[in-house]
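Q: One structure coming up, written as structure tokens, with questions to follow.
The values are calculated or read from the model by the stated rules, or taken from the named source; none is laboratory data. Because the structure is predicted, anything quoted here is derived from the model rather than measured. We place every Cβ from the backbone using ideal geometry, glycine too, and count neighbours over all the protein chains shown. These accessible areas exclude ligands, DNA and RNA; they are computed on the full protein's heavy atoms, side chains included. Shrake-Rupley method; radii C 1.70, N 1.55, O 1.52, S 1.80 Å.
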Amino acid sequence: MANSTSPDIIYTKVDEAPQLASASLLPIIRVFATAAGISIGTKDISLAGRIIAAFPERLTDAQRQPDDLAELGELVKNPEANVIKLPNISASGPQLLAAIKELQSQGYDLPDYPEEPSSDAEKKARAKYDAIKGSAVNPVLREGNSDRRAAVAVKKYAMANPHSMGAWASDSKTRVSTMSKGDFRSNETSVTLKEAQAGPARIEHAGPDGTVTVLKDGVTFPVGTIVDATFMSAKALDAFLTEQIDATKAEGTLFSIHLKATMMKVSDPILFGHAVHAFLKPVFDKYASELAAAGVDANSGLGTMFATLEGMTGGDVIKAEIDALMAERPPLYMVNSDKGITNLHVPSDVIIDASIPALIRAGGKGWGPDGKEADTNCVIPDSSYAPVYDEAIAYFKETGALDPTTAGTVQNVGLMAQKAEEYGSHPTTFEIPADGTVSMIAANGDVIHEHRVEKGDIWRSASTRKAPIENWVQLAIERQKAEGCDAIFWLDETRAHDAELIKLVKPLLAAAGVADNFKIMAPRAATRVSFETIRRGETTIAITGNVLRDYLTDLFPILELGTSAKMLSIVKLMNGGGLFETGAGGSAPKHVQQLMEENHLRWDSLGEFCALGESLKYFGTVTGNARASILGAAVDAATQGILDNNKSPGRKLGQPDNRDSHFYFALYWAQALAAQTKDSGLADHFAPIAEALSGNEDLIVRELHEGRGKEVDIGGYYHTDPEKTDAVMAPSATLNRILGKG
């Protein structure tokens, strides 16, 4: 039950469209939860909130706020944890800079981001900002492994109301291109630490003259940890990109690069920068000194580069040469053809786990600069997981598009607890400053990894602890037993890291007596088998590492359901407790733009509904609060009502939007509670609410639609004004009155 220090359920405050939706939905949740004696609290893990929390010494008392992410990081280690986590921004460099600028304009005395820190104060500020970038939130909160699958109601609805699917042609030129040497997969080494090697390790760079620089010290690993290390050759990368630009031109397709510059916040922005540089190499070579003096950074993309050129002497001449070069290059895959935003404009605009599935769903077509669809060369430099997408595209060329009305489903059990397989993130990823050797040295002095590197190479290390692996295998056993279906560990025995995992997985399955219930397959083969399985209308469970968990829980849901935002995502925390995630937020920026321009929010809160139901039922089970369980079951009924009655948001102005959906969710939730017979007190409480909502339906909908089609002011993008946001997102006085919200 509620106490004075910790609410029963924590609902996270995040960014963009999910946070705008919360302004409408969260007050409804609180009204209903109160009837069961459940308190709902919030913790701010938004990008703006994390920035504000990092600089309390520079802010006024009214501006300061606690480090909610750190507090949540401790809470999820406790058995009583119950957190509903919405998708947050994993900030790229440009997003971080934009958020800082916005907060400064609102009166927050924050330091600028120091690109080249020199003073101690600048170095300290840079360290704080860098800790906020990328996948800073999820590794802190994910003290458990993930169970992701389509909720039964959502899957049934998708089959009965299929989303559009593009037609695949067997002669499609769309393909995946990836490196065959010199990339992260090719150079990977992996070891499982022995007892003597456990403890604090360090990473060193030794130059040709013998000078040793400690890149990172005190990275502590317990015994049994799988520790990987690898590097991407900058020369091999540049040669590959040049080759693919030329090949794309010859093939007459669109050029696109697919990375994850948000989660892999150190490595992938650099890879993105190499792509920008390769595409405009003649210009970068000719104007190297001028561009450097102006502070042009290819890692930030063409958008920032073009903005810089507008304000620099001679910038118009360079821009004209860029335009001429672009006309000679292959056409670029576009993020927004109407606005001229290319694949190379902003590193965070094209995220591989959303962009490739969307292209596959569209029949292998991407949008070109002419506003037309075209076949595409999907460039994925690292070959670790590129075969998944390559095989998917090959499969659909052979078989044609998937039919959502008959397709089965791919569930996922993902290894992610305690920062498992956090590739490409600070603080163990480095752009190498000089030729030499990078070594990782264990606590006992053993050199466990050693790579010869050159200046500009990207070296990285990742680790996976034994306890999360054991928990992951146990979760897989439980899910397979519950479903009784095909289950595959997506592990490649020819890859160094996977080979170490297999050494643990096989004995654990054998000890549990269930080895015959599972297959172990390399990702390419597992992709083919999984598509064949769901084409037969059957279920399979993909048991994967962290990155594939991220990729597959977009790929399959986007093809099965039309979106990954409607997935049921449960994290069973290793110390007890539950983290209930609400789906993806990749299209959230476009949603915010549409709201501000025409007061229509198409964000679908179905993921929030699913997470809420699971959270309430879980709370009821662990606390013995029967009313919480009843509320949770009624949430499921309300979610089914949203689907059955087609009350999900539409994409276009004039259709129902997110606020309409929330009203009907409240109506169906109240009706379900009024109709249930397990608790007469709850039924009596919600019967008049249900009646009032139903009786005022036309009026409420009319009030919700007042002001649609007009621009609205929410006081910011990354840091909105609460009062302005509430006015926009909860505009029905009648609904507010019935629910006691005002």
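Q: Trypsin sites (Lys or Arg not before Pro) within the range 321-366: which are DSSP loop residues with at most 15 other Cβ atoms inside 10 Å? It would help to have the intermediate numbers written out before the result.
A: Values: sites: LYS339, ARG361, LYS365; in loops: LYS339.
Loop-located and lightly packed - LYS339.
Q: Looking at the chain only, what percent of DSSP beta bridges run antiparallel? Nearest 5 please. Don't jump to the answer; show the numbers that get you there.
A: On the way: 52 of 86 bridges.
Rounded to the nearest five, the antiparallel share is 60 percent.
Q: A further question on this structure: Kindly provide log₁₀ I(q)/I(0) values, in the same order as q = 0.12 Å⁻¹, from the Debye equation applied to equal alpha-carbon scatterers of the range 53-182.
A: Log-scaled intensity ratios, in q order: -0.80.
Q: Right, another one. Under a cut-off of 24 Å between alpha-carbon atoms, report the lysines in cross-link reach of LYS156, not counting same-chain residues fewer than 8 places apart.
A: Output for LYS156: LYS481, LYS566, LYS617, LYS647.
Q: I need the calculated FRET efficiency for the pair LYS590 and GLU195, taking r as the beta carbon distance and R₀ as 60 Å, to the nearest 0.05. Intermediate results must be reported in sequence, preceding the final value.
A: Values: r = 52 Å, r/R0 = 0.86.
So, using R0 = 60 Å, E works out to roughly 0.70.
Q: Work out the charge dipole of the chain with +1 on the Cβ of Lys and Arg and -1 on the Cβ of Asp and Glu about the Cα centre, then indicate which of GLN671, VAL140, PHE396 is farthest towards its positive end.
A: It is GLN671, whose Cα lies furthest towards the positive end.
Q: Follow-up. Are any of the pairs LYS13/LYS128; LYS319/LYS339; LYS133/LYS365; LYS43/LYS128; LYS260/LYS590; LYS397/LYS652 more than 24 Å apart by Cα-Cα distance, and if so, which?
A: Exceeds cut-off: LYS133/LYS365; LYS397/LYS652.
Q: Using a Debye calculation, one point per C-alpha and no hydration shell, please list log10 I(q)/I(0) for the range 499-629 at q = 0.10, 0.22 Å⁻¹ in order.
A: -0.50, -1.28
Q: Sorting ASP660, ASP238 by accessible area (1.4 Å probe), largest first, what list results? Spell out each step's value before the answer.
A: Details: ASP660 5, ASP238 60 Å².
Per-residue accessible area, sorted high to low, gives ASP238, ASP660.
Q: How would ARG202, ARG148 rank on accessible area, largest to smallest, probe 1.4 Å? Provide the component values of the computation, followed by the final result.
A: Numbers: ARG202 80, ARG148 35 Å².
Ranked list, largest accessible area first: ARG202, ARG148.
Q: Sticking with this one: What nm value, rounded to one decimal, do you get for the distance between GLU493 and ASP446 when each label is placed 7 Å out toward the C-beta?
A: If labels sit at GLU493 and ASP446, their model points lie 2.4 nm apart.
Q: Measure nothing fancy, just the Cα-based angle from helix 626-644's long axis to the longest principal axis of the chain, in degrees from 0 to 90, nearest 10.
A: So the inclination is approximately 80 degrees.
Q: Could I ask something else about it? Hey, what angle do you get for helix 234-251 against the long axis of the chain, alpha-carbon based, 0 to 90 degrees rounded to 10?
A: With both axes taken from Cα atoms, the answer is about 70 degrees.
Q: Let me know the volume per residue of the alpha-carbon convex hull for the range 54-118, in Å³.
A: Working: hull volume 9.5 nm³, N = 65.
Hull volume normalised by residue count: 146 Å³.
Q: With axes computed from alpha carbons, what is the tilt in degrees of helix 606-623 against the longest principal axis of the chain, rounded to the nearest 10 within 0 to 90?
A: Once rounded, one gets 70 degrees.
Q: If DNA, RNA and ligands are ignored and the probe is 1.4 Å, what is the ranking of SER180, SER289, SER119 by accessible area, most exposed first? Provide the component values of the computation, followed by the final result.
A: On the way: SER180 105, SER289 80, SER119 50 Å².
Reading off the accessible areas and sorting them downward yields SER180, SER289, SER119.
Q: If you consider only alpha-carbon coordinates, what radius of gyration and Dmax does the range 276-363 have, in Å?
A: For the range 276-363, the Cα-based Rg and Dmax read 14.1, 45 Å.
Q: Here's a follow-up. Identify all aspartates and glutamates with a Cα-Cα distance to LYS181 below 16 Å; exclude those on the same chain that are fewer than 8 residues away in sequence.
A: ASP238, GLU243, ASP382, GLU454, ASP457
Q: Still on this structure, I have one more. The range 585-620 to the range 50-86: how many Å between their Cα centroids?
A: For the range 585-620 versus the range 50-86, the Cα centre distance is 22 Å.
Q: Still on this structure, please answer the following. Using a probe of 1.4 angstrom, how much of the accessible area of the range 550-649 is carbon and sulfur, in percent? Show your work: numbers first, answer last.
A: Working: 1300 of 2740 Å².
Accessible surface attributable to carbon and sulfur in the range 550-649 totals 48 percent.
Q: Can you classify the range 397-484 as rounded, prolate or oblate using the Cα gyration tensor, where a ≥ b ≥ c are the square roots of its eigenvalues, rounded means a/c under 1.5, and otherwise it's prolate if a/b beats b/c and oblate if not? The partial results should precede the final answer.
A: On the way: a/c = 3.98, a/b = 1.73, b/c = 2.30.
Oblate.
Q: With every protein chain present, what accessible area does GLU122 have (1.4 Å probe, heavy atoms only), rounded to the nearest 10 Å²?
A: Surface open to solvent at GLU122 totals about 70 Å².
Q: While we're looking at this one, here's another question. Within straight cross-link reach of LYS466, meaning Cα distance under 20 Å, which lysines are found once same-chain residues fewer than 8 apart are removed?
A: By straight Cα distance, LYS466 reaches LYS77, LYS194, LYS419, LYS503, LYS506, LYS572.
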